[in-house]
Amino acid sequence: MSQRNIIITGGAGFIGSHVVRLFVNNYPHYNIINVDKLTYAGNLANLKDIEDRPNYKFKRLDICDFEDLYQLFQDENIDGVIHLAAESHVDRSIKDPFTFAKTNVMGTLSLLQAAKLYWESRPEGYEGKLFYHISTDEVYGALGFDDTLFTEETKYDPHSPYSASKASSDHFVRAYHDTYGMPTIVTNCSNNYGPYQFPEKLIPLFINNIRTRKPLPVYGNGENIRDWLYVEDHARAIETIFHRGKIADTYNIGGCNEWRNIDLIKVIIATVDRLLGNPEGHSIDLITYVTDRPGHDARYAIDASKLRRELDWQPSLQFEEGIERTVRWYLENEEWMENIISKEYIKYYDEMYGNR
Ligand code: NAD
Ligand code: DAU
């Protein structure tokens, strides 16, 4: 197998940390460079088990800093990019859309431009290069409560500032292929769950609130539907597509696993109560219906048949096993959670790497 020098952006975040771990473990002959700004969502504790590996390097860098990125492409002779860095939480995007436009749109553009300038300066040009952009199913908008699914042909119709910024970044990636011939791939994935997810997102937030006996804020009537995929299955899909995906193509990735929020919440409550040794139904009264998220998309559901048909990928884990593993992980890693909640880790990294 050939040696490669790959930037993975957002590698200190939730999905990125699983992707970095998988590549570092499975490809000792690849040079993996984790580029992450370490915003509130980035946490190097997510990568403790692989941080000393000889094929892994961490570089604290804002993807909006074009000059630094371009320098890194030259220093490391980068031939592959797996781009996950983003502002990723819908509720934050409603309060602060500018940060989302800056990171998700301008950050992606500066990464594309750094790749373009560096790759076009090489004698082999774009040969053997790949810019792989990780996107979301939210760019397709919202489905009704019927049996339709998002396919790769579904028209973009984003509703939140988050999904609008991701849609815009997807368009820029495709424009770099169509205009400059850059080898690009875009994938759109459904909701991920699993270890190391920042506890502002539904599943880790609710596990922690049950553990600490805090209210569980259910938006609206709790009937919105999401399609949940175990994060390691997403990382495996990314590995497959990075190596065997068709240039300029798009693949949808999903769990084929739709849940109404309220039903999922009841499963989480039952699992946490059981694992903590609480009597059945002990935490059900923590459910608290609150004002709905503005523009709350009713339903997301992915048709991942193209990926299964063309690249033989499918989710490996049944949801029952995935949620059990996930709840166990959060209950057994209280320290990880406490460090985030106390914001200790942000102070620590700012001291270590400077406050950017
Ligand atoms: P996350 O919020 O957990 O992690 C994002 C990471 O990006 C953090 O480590 C953060 O420090 C880093 N980052 C943010 N701004 C940066 C900047 N300007 N420069 C460099 N690094 C920066 O996000 P996640 O949930 O792991 O999502 C990763 C990617 O996958 C995102 O692009 C997201 O849109 C996409 N996605 C997420 C899901 C999901 O369910 N979480 C589903 C589909 C697609
Ligand atoms: O579909 C993929 C997307 O999934 C990713 O692109 C996003 O980065 C990721 O954050 C996720 O977006 P959601 O908005 O679907 O995830 P979140 O965990 O915020 O919410 C899941 C559902 O639960 C959603 O319908 C809103 C609801 N919710 C969420 C929170 C945090 C609540 O009812 N209460 C809550 O406190």
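The values are calculated or read from the model by the stated rules, or taken from the named source; none is laboratory data. From a predicted model like this one, the values you see are computed outputs, not experimental measurements. Quick reminder, even Gly has a Cβ in these numbers, built from the backbone with ideal geometry, and neighbours come from all protein chains shown. Ligands, DNA and RNA are stripped out before the accessible areas are found, and what is left, the full protein with its side chains, is counted by its heavy atoms. Shrake-Rupley method; radii C 1.70, N 1.55, O 1.52, S 1.80 Å.
Quick notes on this one:
- Assigned charges on the beta-carbon of Lys, Arg, Asp, Glu; the range 104-222 dipole about Cα centre (debye): 700 debye
- The long axis of helix 108-121 is offset from the longest Cα principal axis of the chain by roughly 20 degrees.
- Loop-located chymotrypsin sites (Phe, Trp or Tyr not before Pro) in the range 262-351 (DSSP state other than H, G, I, E, B) with a sparse environment of at most 10 neighbouring Cβ atoms within 10 Å are absent.
- Fluctuation leader among Thr99, Thr39, Thr291 - the chain, Gaussian network, Cα springs under 10 angstrom: Thr291
- Extreme residue, positive dipole direction of the range 1-148, given options Phe98, Ser2, Gly13 (C-beta unit charges): Ser2
- Distance from the alpha carbon centroid of the range 102-128 to that of the range 266-296 works out to 45 angstrom.
- Within the shell defined by Cβ-Cβ distances under 10 Å, the residues around Ser110 carry a net charge of -4, with Lys and Arg each +1 and Asp and Glu each -1.
- Taking a sphere under 10 Å around the Cβ of Asp36 and counting the other residues whose Cβ falls inside, with K and R at +1 and D and E at -1, yields a net charge of +2.
- Annotation: amide H-H contacts under 5 Å for Asn5 (H modelled 1.01 Å from N, sequence separation of 5 or more, or interchain): Asn31, Asp79, Gly80.
- Charging the Cβ of each Asp and Glu at -1 and of each Lys and Arg at +1, and nothing else, the dipole of the chain about its Cα centre rounds to 320 debye.
- Rounded, prolate or oblate (a/c below 1.5 giving rounded, otherwise prolate when a/b exceeds b/c) for the range 253-356 by Cα gyration tensor: oblate
- Relative contact order, percent, the range 37-123 [alpha-carbon distance under 8 Å, six or more residues apart]: 36 percent
- Listed residues His18, His282, His234, most fluctuating in the chain (Gaussian network, C-alpha, under 10 Å): His282
- Unit charges at the beta carbon, dipole of the range 142-187: most positive-side option, Thr187, Ser163, Val173: Val173
- Positive-end ranking of Ser135, Gly107, Leu84 along the dipole of the range 78-171, with charges on Cβ about the Cα centre, is headed by Gly107.
- Mean-square fluctuations from a GNM of the chain, with a 10 angstrom spring cutoff on Cα atoms, peak among Lys48, Lys201, Lys59 at Lys48.
- Between the Cα long axis of helix 261-276 and the first principal axis of the chain there is an angle of about 80°, rounded to the nearest 10.
- Within-13-Å neighbourhood charge of Trp259 [Cβ basis; K, R +1; D, E -1]: -1
- Excluding exposed DSSP-loop GluC sites (Glu not before Pro) (at most 11 other C-beta within 10 Å), longest clean stretch of the chain: 154-279
- Annotation: amide H of Ile253 within the under-5 Å range of Asn188, Cys189, Ser190, sequence separation 5 or more or interchain, hydrogens built in the peptide plane.
- The distance from the alpha carbon centre of the range 1-62 to that of the range 175-195 is 18 Å, rounded to a whole number.
- Computed [θ] at 222 nm, deg cm²/dmol, the chain (DSSP H ≥ 4; -39,500 (n - 2.57); rounded to nearest 500): -12500 deg cm²/dmol
- Accessible area per residue in Å² at 1.4 Å probe, computed on the chain: 43 Å²
- Couplings for the range 225-232, taken from phi via the Karplus curve 6.51 cos²θ - 1.76 cosθ + 1.60 with θ = phi - 60°, read 10, 10, 10, 9, 10, 5, 4, 5 Hz in order; Gly and Pro are left as x.
- Cα gyration tensor shape for the range 49-132, rounded if a/c is under 1.5, else prolate or oblate: oblate
- Cα-based shape type of the chain, given that a ≥ b ≥ c are square roots of the gyration tensor eigenvalues and the cut on a/c is 1.5: prolate
- Counting only protein heavy atoms and a probe of 1.4 Å, the accessible surface of the chain is 50% carbon and sulfur.
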